[in-house]
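Presented below is the structure to which this report refers.
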Amino acid sequence: MLSRTVRNAVLLLLVLALAAPLVSAQEGQKVVTMVLTSDPPSFDPHGSLGPAGPILLEYIYDTLLHQTEDDEIEPLLAESWSVEDEGHTVTFHLRDDVRFSNGAPVNADAVIYTFQRLQEVGRRSLIYGEISNITEFERVDEYTVRFHLAEPSAALLSALTYSYAGILEPGAVEAAGEDYGSQPVGSGPFMLAEWIPQNTMTLVPNPNYNGHRPFDESPDLDVDELRVRFTTDQTTRINALLSGEVDIAYITSAPLLEPVRDNPDFRILDVPTRGMIYVGFNTGSPPFDDVSLRQAVAHATQKQDILTIAADSMGVLTNTPLPPTIFGYDPALEAEGLAYDPDAARALLADAGYTPENPLAVRLLTLTSPTYQTIATVLQAQLAEVGIAANIEALDYGGLLSAMNDGDYDMVVLRYGWNDPDVLRVYLSEAAIGGSNRYFYANPEFDALVAEGRRAFDPEARLEAYREAQRILMTDVPWLPLYVPVTSVVVNNRVQNVEVVHSYVTLENAEIRE
């Protein structure tokens, strides 16, 4: 362990690293500085991006559609769209006034090039499955493109709002070749000016940006430079905020927020993630092929204690398989969750032949990160109180998935993130067993409902299908939802009129007060 003197010296160097680039700012420039965990491996949206990648891509690329904080799909590059042929074709009518930062038009050719390329090289992309469902890209005219789908999928619209679906400029990609990831060209409000990997990057306004984003109030940006710094140390981020070297920082530790919580120089924007922390069960093998034992675990779990101890209360408790941040969530379902009731848990265990003298022994997997290990430890203690002996094994992500693929586990603490209720089908449908369904869960009624929800482009029909699908899961308990993590974005009050939309800090309407 580092001595306090050495640790303080390291923190000082990190703060100086954050501060040093600011010295070179030109007089009168309006500079906003943001600090993130780590820089992305690439700005190619079809490659591996890392945690900060999706946030940074939002500044450079535009997508066909935009998803609001209320999970509504609205126009962006596509000013309108229509669904025909019983959901097998979707036609997008593009704006004709948008250009890339290099001056090339955003048109049907760029859209087709983008998604054909994603099908070819984007197997690691989170939206690869949806884009692979497109069998033909039809160029109707310069600003109209039609997607022909193998199967109807309303989830395509959600996928097209993700930054992974940012539209590329074909000429720039071809010219840069393998170096495109460090030479991105998009039609968003900013473009990359400088990037020193693992140190700093600078984004500057795109001269061709015309304010076309749906939440943008003006084509003119009040930010001359967006400077991005990187450090995993959250104490360093807070110190940099307090010293005025950084304007925007992402914080996930409640105690570290105390110096800025009541400070008039800052405001805190809480951002629940589009996903949740949950306990998953191996439903294909004993003991948790018995639904009553999964229900016993649910009754034995005190979620509030887990949230308080493991996440400093930075989260939102939930009982439903879809969190409040994903379309399909219904707050009325919360009351239908299995409540904390240790006596009910003991009764279910007794009915299955388990007693304090003959406890149920289970293997509980978790990730090696401190948060996940703490969750597992708190859960272990809660289960012990009702007669379940959980043996914790912490693995890295690859090792954990390998064990789950082999069915070599009983319970697992994990997290999922996505922006569409189709995530339930992806992880829990019987057809996905042997792939993404590592819980070996199978229920024909559930499968029919999520298939119906995937096909339904009508929001009300989708909502009803996913409402009933969640009811089944809340009884069968292949997953036990715990909480939705919350990240706090701290913003210096010199940067006004910004919002956080799905972790992206909108600077399109920002006003900088010097």
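Starting from the Cα of THR308, step 7 Å toward the Cβ, then list every residue of segment 378-412 with an amide N under 20 Å from that point. Answer for this model: 378-386. Relative to the longest principal axis of the Cα atoms of the chain, the long axis of helix 108-121 lies at roughly 40 degrees.
Across segment 65-170, the relative contact order, built from alpha-carbon pairs under 8 Å that are at least six residues apart, equals 31 percent. Computed from backbone phi with θ = phi - 60° and the Karplus coefficients 6.51, -1.76 and 1.60, the 3J(HN,Hα) list for segment 204-209 is 10, x, 6, x, 9, 5 Hz; x is used for glycine and proline. Residues in segment 377-394 carry Karplus couplings, in order, of 5, 5, 4, 4, 5, 5, 5, 4, 5, 10, x, 10, 9, 9, 9, 8, 10, 9 Hz; the curve used is 6.51 cos²θ - 1.76 cosθ + 1.60 with θ = phi - 60°, and Gly or Pro positions show x. Semi-axis lengths, largest first, of the ellipsoid equivalent to segment 275-485 are 26, 18, 18 Å, with √(5λ) applied to each eigenvalue of the Cα gyration tensor.
Each residue in ARG267, ARG462, ARG237 was given a count of other beta-carbon atoms within 10 angstrom of its own, and listing them fewest first yields ARG267, ARG462, ARG237. Computed over the chain, the per-residue total of -39500 (n - 2.57) for DSSP H runs of n ≥ 4 gives a 222 nm mean residue ellipticity of -9000 deg cm²/dmol, rounded to 500.
Compared with the direct C-alpha span, the chain from HIS88 to ALA461 gains 132.5 nm at full extension, assuming 0.36 nm per residue. Between the helical axis of 444-455 and the longest alpha-carbon principal axis of the chain there is an angle of about 10 degrees. Peptides 472-479, 117-124 ordered by packing proxy, namely the average of other Cβ atoms within 10 Å per residue, highest first: 472-479, 117-124. For LEU482, the residues 5 or more places off, or on other chains, whose built amide H falls under 5 Å of its own are ILE277, TYR278, VAL279.
Shape summary: the chain maps onto an equivalent ellipsoid whose semi-axes, from the alpha-carbon gyration tensor, are 40, 31, 19 Å in decreasing order. For the chain, the antiparallel share of DSSP beta bridges with both residues in that region comes to about 75%.
If you average the C-alpha positions of segment 294-349 and of segment 122-164 separately, how far apart do those two centres end up, in angstrom? Distance between centres, Cα-based: 35 Å.
Residue exposure proxy: VAL185, VAL297, ordered by other Cβ atoms within 10 angstrom of their Cβ from fewest to most, comes out as VAL185, VAL297.
Between amide H atoms placed 1.01 Å from N, distances below 5 Å from GLY186 occur with SER101, all of them 5 or more places distant or on a separate chain. Cβ crowding within 10 Å ranks LEU192, LEU226 as LEU192, LEU226, fewest other Cβ atoms first. For the chain, the longest principal axis of the Cα atoms and the long axis of helix 342-351 meet at an angle of about 50 degrees. Pull up all non-local amide H partners of THR33: gap of 5 or more, or a different chain, and H-to-H distance under 5 Å with H placed in the peptide plane. Amide H neighbours of THR33, under 5 Å, 5+ apart: ARG227, ASP247, ILE248.
Computed from the coordinates by the stated procedures, all read-outs in this text should not be read as laboratory data. In this text the structure is predicted, and so the values were computed from the model without any measurement. All Cβ positions, even for glycine, are placed from backbone atoms using ideal geometry, and neighbour counts span all protein chains on display.
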